[in-house]
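Engineer: Here it is: the structure, laid out below.
The values are calculated or read from the model by the stated rules, or taken from the named source; none is laboratory data. Here the structure is a predicted model, which is why all the values come from computation and not from measurement. Using ideal geometry, Cβ is built from the backbone for each residue, glycine included, and neighbour counts are taken over all protein chains shown.
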Ligand SMILES: Cc1cc2nc3c(=O)[nH]c(=O)nc-3n(C[C@H](O)[C@H](O)[C@H](O)COP(=O)(O)OP(=O)(O)OC[C@H]3O[C@@H](n4cnc5c(N)ncnc54)[C@H](O)[C@@H]3O)c2cc1C
């Protein structure tokens, strides 16, 4: 969808006959909703979310749905987020979201072939041959592509064929998801807790519920069985049988677990399906191999605690799509593609560690905190990390660490540092209220202060010279309406504080909404400087 949004019409193959059949991912975070907003899907997804879940749900920990509340991880998913984003976090099931993405991808011109498996890949210097097998007929054919994106899931056949290893904490448990319906509404058991995710911690099991809005069903994930809170039990069984609920699971056993998690004896329940899967915390050694780029669970697999898996995959795709499009349409040099691994792998590593820490803290304290990172606020993961690559030009004397560890901060403290996501501020454009984020779409964007007209002109001239899509704006100084063409009005002081910008300074934002470069003042505002900046970020050799 994102490639098609950038004007590249990809061929997508999926071996299943359609989109997801299970709800799986449900929690979608601020950055994901910002990406969906830029693709014109925010309203549709928010509407679908309201049909499935109450808004602003929470995440709590209970002995059972009918039992005691042990604690609350989030009382309200969206408390305090409006300072940072024009959108919200929400719950929507993956099987409801995927058809929305599919429809938009097809509308934008992507070709989707279901029931088709990619059975071989061969790379050379100019492109990739892919063998496709039609699973209904067995017919095989070859297609030629310039690049391949392998978003082929946690078992990633492409990653395995390329010999790319995974490392970190490995398999944590053989878990199950029980999809069920209850004869009566379960919401009265929640005693007013807003529905979202309910972790269950009792001597029979540890896992979590996501209930449908009607309260008559949903699913229960079971990660562990037995009383793992008792150190003498944990010490007696080093092979951890409690972490292997999937092995030999039957409907009868699943029903027992479901009843123990609901906490109402004898309640009539129907189990529709039981999915078995492994909770894993691992990241790939490389995210790319020449012309093949890997994204999503193919390169980072996390336990679902925190709801990061699907979100992080979409963020990978968003990082990669504009780069591939720029290289394919000739506005960037191929070197830009190497920045995908440099930017996304550290984020993958950070996310895997944070998901592992949440798994240990929320589900499996017996694993111990040694080797687990301290948990940071979700905002750091969604909006607070900073890329360090050759598609970013750091400030002179930049104090951020570059020792391979991903720098991350609270988004309030980032202040448009190169490599970070450009902050959200509401402004006025042609009489309409827009977020700065709404300006970042297919083009580069230059934002200059009220005395930054020279930057605006220089950027436009440089972009014209290089044939690069770029929109340049000045942001007016005070509280005024937009006073002219190419000038944004609104709270100029707030803008300059969020972007830490002098009145004659400027910031260059990439199409993915990350800051590529900035200038503290107007002393170097020339076409030559802007040409050099754009050329360097885009890995052009003609700059
Ligand atoms: C119980 C549960 C709850 C979760 N909750 C959340 C949550 O709240 N938030 C969140 O962000 N994430 C969540 N996740 C994780 C999320 O579901 C995954 O991270 C996400 O589905 C990964 O997407 P993907 O496209 O990378 O891989 P997948 O969804 O695994 O898709 C890969 C696809 O590639 C296809 N494929 C593989 N090989 C080939 C081939 N050779 N040819 C053609 N097709 C191929 C497969 O058929 C598959 O459909 C949850 C997961 C579980 C199990």
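Engineer: Only one residue in 285, 247, 183 is more than 15 Å from the ligand (Cβ to nearest atom), surrounded by fewer than 21 Cβ atoms within 10 Å (Cβ to Cβ), in contact (Cβ under 8 Å) with a residue 12 or more places away in the chain and within 30 Å of residue 149 (Cβ to Cβ), so which one is that?
Structural biologist: 285
Engineer: Follow-up. Taking the residues in segment 297-317 that are under 23 Å from residue 243 (Cα atoms) and within 6 Å of the ligand (Cβ to nearest atom) as candidates, determine which candidate is surrounded by the fewest Cβ atoms within 10 Å (Cβ to Cβ).
Structural biologist: 297
Engineer: Still on this structure, please answer the following. Let me spell it out: the conditions are (1) buried (at least 18 other Cβ atoms within 10 Å of the Cβ); (2) at pLDDT below 95, and residue 452 meets all of them except one. Which number is the exception?
Structural biologist: Looking at each condition in turn, residue 452 falls short on (2).
Engineer: Looking for whichever is assigned to a loop (DSSP other than H, G, I, E, B) and either within 14 Å of the ligand (Cβ to nearest atom) or out of contact with any helix residue (DSSP H, G or I) (no Cβ under 7 Å at 6 or more places or on another chain) (or both) here; the options are 120, 130, 136. Which one fits?
Structural biologist: 136
Engineer: Here's a follow-up. Can you name every residue in segment 506-523 that is in a loop (DSSP other than H, G, I, E, B) and over 20 Å from residue 426 (Cβ atoms)?
Structural biologist: Answer for segment 506-523, where residues must be in a loop (DSSP other than H, G, I, E, B) and over 20 Å from residue 426 (Cβ atoms): 510, 511, 512, 520, 521, 522, 523.
Engineer: Still on this structure: Given the structure, is residue 346 crowded, with 18+ Cβ neighbours inside 10 Å, without any contact (Cβ under 8 Å) to a residue 40 or more places away in the chain and within 20 Å of the chain's Cα centre (by Cα)?
Structural biologist: no
Engineer: Within segment 393-413, how many residues turn out to be surrounded by 11 or more Cβ atoms within 10 Å (Cβ to Cβ), at pLDDT 85 or above and out of contact with any strand residue (DSSP E or B) (no Cβ under 6 Å at 6 or more places or on another chain)?
Structural biologist: Of the residues in that region, 6 qualify.
Engineer: Continuing with this model, one more query. Need at least 1 residues that are surrounded by fewer than 21 Cβ atoms within 10 Å (Cβ to Cβ) per element, so show me which helices (runs of 4 or more DSSP H) inside segment 1-76 make the cut, counting only ones lying wholly within it.
Structural biologist: 30-38, 42-52
Engineer: Any idea which of (1) more than 14 Å from the chain's Cα centre (by Cα); (2) part of a helix (DSSP H, G or I); (3) in contact (Cβ under 8 Å) with a residue 24 or more places away in the chain is the one residue 376 doesn't satisfy?
Structural biologist: For residue 376, the exception is condition (2).
Engineer: On to the next question. Do you know which residues across segment 211-240 are more than 28 Å from residue 57 (Cβ to Cβ) and surrounded by 13 or more Cβ atoms within 10 Å (Cβ to Cβ)?
Structural biologist: Across segment 211-240, the qualifying residues are 226, 227, 233, 234, 240.
Engineer: Considering only segment 525-536, I want to know if a residue exists there that is buried (at least 21 other Cβ atoms within 10 Å of the Cβ) and under 25 Å from residue 35 (Cα atoms).
Structural biologist: Yes; the residues of segment 525-536 include at least one that is buried (at least 21 other Cβ atoms within 10 Å of the Cβ) and under 25 Å from residue 35 (Cα atoms).
Engineer: How many residues are farther than 9 Å from residue 130 by Cβ, within 14 Å of the ligand (Cβ to nearest atom) and either touching a helix residue (DSSP H, G or I) at 6+ places or on another chain (Cβ under 8 Å) or not in a strand (DSSP E or B) (or both) when one looks only at segment 141-156?
Structural biologist: 8
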